[in-house]
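The values are calculated or read from the model by the stated rules, or taken from the named source; none is laboratory data. Note that the structure is a prediction, hence the values are computed from the model and not measured. Ideal geometry is used to build each Cβ from the backbone, glycine not excepted, and the neighbour counts take in all protein chains shown. For the accessible areas, the whole protein counts, side chains as well, though only heavy atoms, and no ligand, DNA or RNA atoms are used. Shrake-Rupley method; radii C 1.70, N 1.55, O 1.52, S 1.80 Å.
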Amino acid sequence: MKYNVNEKGYYGDFGGAYIPEMLYPNVEELRQNYLKVMAEASFQEEFQELLKEYVGRPTPLYFAKRLSAKYNTKIYLKREDLCHTGAHKVNNTIGQILMAKRLDKNRIIAETGAGQHGVATATVCALMGLECIVYMGEIDIKRQAPNVARMKMLGATVVPATSGSKTLKDATNEAIRDWINNPTNTHYIIGSVVGPHPYPDMVARFQSVISQEIKNQLQKKENREAPDYVIACVGGGSNAAGAYYHYLDTPEVGIIAVEAAGKGVQTGESAATSALGKTGIIHGSKTLLMQTPDGQITEPYSISAGLDYPGVGPMHAHLYASGRGEFISVTDEDAMQAGLELCKLEGIIPAIETSHALAIFKTRTFKPDAIVVVNLSGRGDKDLNTYIDYFKL
Amino acid sequence: MTRIDKKLQEKKTLLSIYFTAGYPKLEDTVPILEMLESNGVDMVEIGLPFSDPLADGSTIQASSTQALKNGMSTQKLFEQLEGIREKISMPLILMGYFNPVLQYGVENFCKKCEEIGIDGVILPDLPLAEYQEHYQTIFEKYGLANIFLITPQTSEARIKELDAASKGFIYMVSSASVTGSKQGFGVEQTSYFNRIAALKLKKPQLVGFGITNKETFQTATKHAKGAIIGSAFIKMLTETGVSGISSFVKGIR
Ligand SMILES: Cc1ncc(COP(=O)(O)O)c(C=O)c1O
């Protein structure tokens, strides 16, 4: 349990719950109940059933033959893109909607960047018949239009966040303000391993099904549970947390986190938090974040809405600070090319977030017999407009 | 006795004003303080602007954004307040979010407050547990009062804890909302005010959030020791500027 959360809600020096008193009753209620609820047999039964029958789990662990040949190593893709709604986000929203029901909440709020978490939240709200309000940055509403339409079709209300950089950070601020204004009947479904304790841990546990399945699947395919490397993109870090979870304390497994460098780490238009960030407080958590020397949070930039966030979850801050994880950043350009390459080589159109993780093979070599698992966090349907504009398709 | 405690012992209802440092203009901070004091305001909360004020509604968000654009920072505010005790005698409280304090360095921050004559701080996102475990000894070393919030949802057990931990007074948030969003007080608020009054807490309470005029000020202070006006004051500054301060204060009591 060296790299997982401790009983006080910290990963090393990172985490905690830096929240205004207005949020205390809700966050405390969650903290006191989440492990108990998740341990209930009836909860697990319902959760597992929905993951299987509704989400379509287990997702395949696919050996990418042509990609492997090109980069002379053994690459497996964990196909979270095949989840219902098109990304890993739904693992968490299924878990949290069941949690919300057990806590007797009938109104659900969420923030979203790429819109994947918003869609996944709207989906489970439709499934359970609960009211759903999704906050989304005005800029993201434009660049992820298909997901906005999907949320509306699913019955959610999409509220534009018009403050600050008008992206994920600001949508999160608005969701938190909504929760302050609605303190009794509302559950906030945070979409990544960010926010005050217990959110990072709860979301990581819901996403941990990813590495649980990788273990089982590798055992069958390679006769071993542990790969040599697990690679994932990190926005807030939920798909990464899920892919690393059961390997955190297995030092033989190399953990590689890929962040968005935007136009380049030093251009001022970047979201590479580990390279550019310092310890501070964002959205209720002590973690690494991009900020001015005065402690004002800076506006990030990435072509990928889901990675366009100035912080990372506290688990990742700890993986970075302790050296357990290797952190790499990838530019818009390299990510877009890697995304296109996966289309051509494997017939899979990845989300632009995921394309960042795939770009690692351009800069980092692996031994020919190394087993490298890349978490394919989502599919690229939502990004078609961006791909079309970028490649003039 | 501290300046805050002395003020709280005065036999009158206290009016405290929140404003964002460096707003509307960067150099308005000290003139605003002087005008508030000369118009009989009892105490102030000087807002340290933050890029992401989670507990604030649109008025304070906008004033914070403008103040930061004007060039306000923790460093700048301390420069402006250098020598302030030659001009101002009422208690001065800094109110802001924890990250800028953390970046300034908690110890440096507290030390600087002591040097300048800042009496207390309100840091809504530094909760009790984190404060007690990591920072209390530093705040106390420099005699800086840390004032805690309670809300209508705060349990009685926790109110007791916050009452014991809070220095000076308790900041009683009037309703479940961010700053500046509720209009007027209904039965929900008055029953909450009565409930808290009946608890006979050790620390006096100042009510904040939603105090906009004479009427809400009077309702809030029927039981509480005083009340804090923030968004309504900032709205006035936006519309009228610093010249409106005198008539604003006279309109409240
Ligand atoms: C497909 C996909 N991958 C990754 C992310 C980034 O989030 P996280 O770092 O929490 O996995 C998103 C977020 O929207 C996403 O849609």
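Worth a mention:
- Exactly one residue out of A:Pro300, A:Pro293 is within 13 Å of the ligand (Cβ to nearest atom), not assigned by TED's automatic domain parsing to the domain that holds A:Glu174 and not charged (D, E, K, R): that is A:Pro300.
- Matching residues, segment B:194-212, being open to solvent by 10 Å² or more (accessible area, probe 1.4 Å) and over 17 Å from the mean Cα position of the chain (by Cα): B:Asn194, B:Arg195, B:Ala197, B:Ala198, B:Leu199, B:Lys200, B:Leu201, B:Lys202
Every residue, every condition in (1) more than 17 Å from the chain's Cα centre (by Cα); (2) at pLDDT below 95; (3) in the same structural domain as A:Asp383 (by TED's automatic domain parsing), yes or no:
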| position | (1), (2), (3) |
| --- | --- |
| A:Leu98 | yes, no, no |
| A:Lys105 | yes, no, no |
| A:Ala110 | no, no, no |
| A:Gly113 | no, yes, no |
| A:Met136 | no, no, no |
| A:Thr184 | yes, yes, no |
| A:Ile189 | no, no, no |
| A:Val194 | no, no, no |
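- Filtered residues of segment B:190-225 (kept if in a loop (DSSP other than H, G, I, E, B), under 18 Å from B:Met95 (Cβ atoms) and out of contact with any Ser or Thr (no Cβ under 9 Å at 6 or more places or on another chain)): B:Pro204
- All positions within segment B:40-80 that are of a type in the set (Val, Ile, Thr) and assigned to a loop (DSSP other than H, G, I, E, B): B:Val41
- Scoring B:Gln136 on the criteria (1) surrounded by fewer than 19 Cβ atoms within 10 Å (Cβ to Cβ); (2) modelled with pLDDT under 95 leaves a single failure, condition (2).
- Looking at segment A:197-311, the helices (runs of 4 or more DSSP H) lying wholly inside it that each contain 1 or more residues that are in contact (Cβ under 8 Å) with a residue 60 or more places away in the chain sit at A:199-207, A:209-222, A:238-244.
- Residue list for segment B:221-239, restricted to those being open to solvent by 40 Å² or more (accessible area, probe 1.4 Å) and touching a helix residue (DSSP H, G or I) at 6+ places or on another chain (Cβ under 8 Å): B:Lys222, B:His223, B:Lys225, B:Lys235, B:Thr238
- Total residues in segment A:285-312, condition closer than 21 Å to A:Gly15 by Cβ and among the β-branched types (Val, Ile, Thr): 3
- Only one of the numbered conditions (1) within 12 Å of the ligand (Cβ to nearest atom); (2) touching a Pro at 6+ places or on another chain (Cβ under 9 Å) is violated by A:Val373, and that is (1).
- If only residues of segment B:33-76 that are more than 16 Å from the chain's Cα centre (by Cα) and open to solvent by less than 20 Å² (accessible area, probe 1.4 Å) are counted, the one that is farthest from the other protein chains (Cβ to nearest Cβ) is B:Ala67.
- Here A:Ala175 qualifies as of a type in the set (Gly, Ala, Ser) and within 16 Å of the ligand (Cβ to nearest atom).
- Selection of segment A:182-217 for residues being open to solvent by less than 10 Å² (accessible area, probe 1.4 Å) and of a type in the set (Asp, Glu) yields only A:Asp201.
- Screening A:Lys278 on (1) within 14 Å of chain B (Cβ to nearest Cβ); (2) buried (at least 21 other Cβ atoms within 10 Å of the Cβ) shows it passes everything except condition (2).
To keep it simple, each residue is scored yes or no on (1) in contact (Cβ under 8 Å) with a residue 24 or more places away in the chain; (2) under 19 Å from A:Ala175 (Cα atoms); (3) touching a Ser or Thr at 6+ places or on another chain (Cβ under 7 Å); (4) more than 16 Å from the ligand (Cβ to nearest atom).
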residue	(1), (2), (3), (4)
A:Tyr71	yes, no, no, yes
A:Glu80	yes, no, yes, no
A:His88	yes, no, yes, no
A:Asn92	yes, yes, yes, no
A:Gln96	yes, yes, no, no
A:Arg107	yes, yes, yes, yes
A:Gly118	yes, yes, yes, no
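- Single unsatisfied condition, A:Cys343 versus (1) under 14 Å from A:Val258 (Cα atoms); (2) within 16 Å of the ligand (Cβ to nearest atom); (3) of a type outside the set (Asp, Glu); (4) open to solvent by 20 Å² or more (accessible area, probe 1.4 Å): (1)
- Filter result for A:Glu29 (open to solvent by 20 Å² or more (accessible area, probe 1.4 Å), acidic (Asp, Glu), out of contact with any strand residue (DSSP E or B) (no Cβ under 7 Å at 6 or more places or on another chain) and away from chain B (no Cβ under 12 Å)): no
- Among the residues of segment A:231-248, those that are away from the ligand (no atom under 13 Å from the Cβ) and open to solvent by less than 20 Å² (accessible area, probe 1.4 Å) comprise A:Tyr247, A:Leu248.
- Hey, A:Met22 in contact with a helix residue (DSSP H, G or I) (Cβ under 7 Å, 6 or more places away or on another chain), over 30 Å from B:Met172 (Cα atoms) and either away from the ligand (no atom under 16 Å from the Cβ) or open to solvent by 10 Å² or more (accessible area, probe 1.4 Å) (or both) or not: no
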